[in-house]
Amino acid sequence: MATIDSQRTEPLPSGEESKPLWARYKHGHHYRNAAEEFDGVKLGFWLFLATEVLLFAGIFVGYFIFRMMHPQAWANGSSYLDWRLGAANTVVLLLSSYTMAASIHYIQKNERAKAHLNLLLTIAAGAFFIIVKFAFEYYPKWTAGKAPGIFFNYPYSTDPYEPLWWTIYYCGTALHALHVVIGMILIFRVYLNSRKGMYGPTYYTGVEIAGLYWHLVDLIWIFLFPLLYLIH
């Protein structure tokens, strides 16, 4: 694995002690240079993101199959959702994609204060998304009986397949919310490492990887929002 020189036990070469951690970074011994390591790490992470797409693809396929079979249930279920909440979360996630990209840009320019601000703004956007999702959507709907599967007991339901709609809704959005939380944890870890001086113009792989993950989270919501909230 690649290392940061400050983590080594042997003495640093003369003059190395004054350099920030990112300037002391040494690529893994199994790579010829840092650029090759960076490309290899990104390729591996893109392969991981492909498996994430496959994970959500199963939900999307189920969504379309059941929507064709029970269109009225899907229309009824969507009508219970507040598109304004979904739109607000969409805008917040789109803005967070910008702040995440900006943080990478500022790390590359060694403007760490601006990078840290944008990382914290990205985390705050994720927190806003989660609060809206759980406090203003999940809790009111679940307590009103709009729950998935056998937990469904909404008294004003007009279609027997509405529990199936809520199952797809909760599976898709809860899985996505879990990815938002994971993304927030990754970005917070990047923030802490950056505060230590680990990332800079010549080494920012961790920031780039966290950004790729966050952009995937945003992209998945771009599909979920119209499919769930804008049917009617």
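For every residue, the table says whether it meets (1) under 24 Å from Ala101 (Cα atoms); (2) in contact (Cβ under 8 Å) with a residue 24 or more places away in the chain.
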| position | (1), (2) |
| --- | --- |
| Ala125 | yes, yes |
| Lys141 | no, yes |
| Phe151 | no, no |
| His176 | yes, yes |
| Ile185 | yes, no |
| Glu208 | yes, yes |
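When restricted to residues that are open to solvent by 40 Å² or more (accessible area, probe 1.4 Å), in a helix (DSSP H, G or I) and among the charged types (D, E, K, R), the range 163-211 contains 2. Quick check on the range 51-61. Is at least one of its residues more than 23 Å from Glu208 (Cβ to Cβ) and touching a residue at least 40 places away in the same chain (Cβ under 8 Å)? Yes - at least one qualifying residue is present in the range 51-61. Would you check if Gly145 is at positive phi and open to solvent by less than 30 Å² (accessible area, probe 1.4 Å)? Here the answer is yes, as Gly145 does meet what is asked.
Of the listed requirements (1) closer than 27 Å to Ile131 by Cα; (2) among the basic types (Lys, Arg); (3) modelled with pLDDT under 95, Arg84 misses just one: (3). Taking the conditions (1) more than 22 Å from the chain's Cα centre (by Cα); (2) more than 30 Å from His70 (Cβ to Cβ) in turn, Ile123 satisfies each one other than (1).
The values are calculated or read from the model by the stated rules, or taken from the named source; none is laboratory data. Fair warning: this is a prediction, and the values are worked out from it, not measured in the lab. Using ideal geometry, Cβ is built from the backbone for each residue, glycine included, and neighbour counts are taken over all protein chains shown. Side chains included, ligands, DNA and RNA excluded: accessible areas come from the protein's heavy atoms. Shrake-Rupley method; radii C 1.70, N 1.55, O 1.52, S 1.80 Å.
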